[in-house]
1. Please rank 25, 156, 79, 59, fewest neighbouring Cβ atoms within 10 Å first, as an exposure proxy.
2. For the range 66-169, which GluC sites (Glu not before Pro) are in a loop by DSSP, counting at most 13 other Cβ atoms within 10 Å?
3. What's the magnitude of the charge dipole for the chain around its Cα centre, counting Lys and Arg as +1 and Asp and Glu as -1 at the beta-carbon? Answer in Debye, nearest 20.
4. Report the full-extension gain for the segment residue 8 to residue 69: residue separation times 0.36 nm, less the Cα-Cα distance, to one decimal in nm.
5. Among the listed pairs 16/69; 6/69; 69/165; 8/170, which have their C-alpha atoms separated by more than 21 angstrom in this model?
6. Using only the Cα atoms of the range 1-146, construct the convex hull and provide its projected area averaged over every direction, in square nanometres to one decimal.
7. Counting only the backbone N, which residues of the range 118-157 are under 17 Å from the spot 7 Å out from the Cα of residue 202 toward its beta-carbon?
8. List the extent of the Cα atoms of the range 112-205 along each of their three principal axes, largest first, rounded to whole Å.
Amino acid sequence: MKRSFKIKQVEEFAGKNLGAYDSGHDWWHLERVRNNAFQIMEAEGSCDQVIVEIASLLHDIGDSKFMEKGSEDPARLLHRFLTGLELEERIIEEVIFINRNLSFSKGKKPERISVEFMIVQDADRLDAIGAIGIARAFNYGGFVNNPIFDPSGRDHSTISHFYDKLLKLKDLMNTGTGRRLADERHRFLELYLEQFYHEWNFGKRSEDQQ
Ligand code: ADP
Ligand code: NI
């Protein structure tokens, strides 16, 4: 099986398995993550390009936020699919490892991380910040009907998600290139928040301001 054909199969499989995800997790997210990963890969040097590309496309398969009850264990699903593509077991294991350990919500770093893992994680994190990240956050917030903002601060608003996650990502980047790319997007988050509060407080008397 030719490599380009295998990648086509992965693209098709990834597209089909998006399921009922919000549109921040649609095909275009996968495409952007792959592009981000290629940019980082070019700058960072030696790694396995096949693993980076396949893991980028499959990184969101089985996200627990969007899993339907009773659906197949994602690792088994991926193993079956990737074995069918006649990929080396080493590649299959790494793609599955990346898929299972990438998420920010899981909190801690896995005990061993490969350069491919670091690249795909940075690529995914870049798509959560900057202008696209803001669009995705408000899209997700709308999907689960969270408030945009609650000045009390004890809330599940999308603005509080900036502090819970988005503003932390810059310092969690694994690679130098990822960090450099994250800097620009991080500054845009800060600029956005500044303007958001400016508009939120517009016309308020100063003692009322939050
Ligand atoms: P990860 O895969 O790193 O755990 P998620 O799947 O949680 O990331 O996040 C995917 C996208 O959804 C990101 O753009 C993230 O900012 C957004 N998102 C996740 N949780 C929330 C939330 N509570 N409010 C707004 N956006 C969210
Ligand atoms: Ni993702």
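What follows is calculated from the coordinates using simple rules that are stated; it is not laboratory data. Keep in mind that this is a model prediction, so the values were computed, not measured. Positions of Cβ are backbone-derived with ideal geometry, glycine not excepted, and every protein chain shown enters the neighbour counts.
1. Ranked by crowding around the Cβ, least crowded first: 156, 79, 25, 59.
2. Working: sites: 68, 72, 86, 88, 89, 93, 94, 111, 116; in loops: 68, 72, 86, 88, 111.
Taking the range 66-169 and a limit of 13 other Cβ atoms within 10 Å, the loop GluC sites (Glu not before Pro) found are 68, 72, 86, 88, 111.
3. Charge dipole of the chain: 140 debye, to the nearest 20.
4. Stretched out fully, the residue 8 to residue 69 stretch lengthens by 19.1 nm.
5. Values: 16/69 18 Å; 6/69 30 Å; 69/165 27 Å; 8/170 32 Å.
In this structure, 6/69; 69/165; 8/170 exceed 21 Å between Cα atoms.
6. Details: hull surface 36.2 nm².
In nm², the orientation-averaged hull projection of the range 1-146 is 9.1.
7. Hits in the range 118-157 for residue 202 at 17 Å: 149.
8. The Cα atoms of the range 112-205 stretch 52, 26, 20 Å along the principal axes, largest first.
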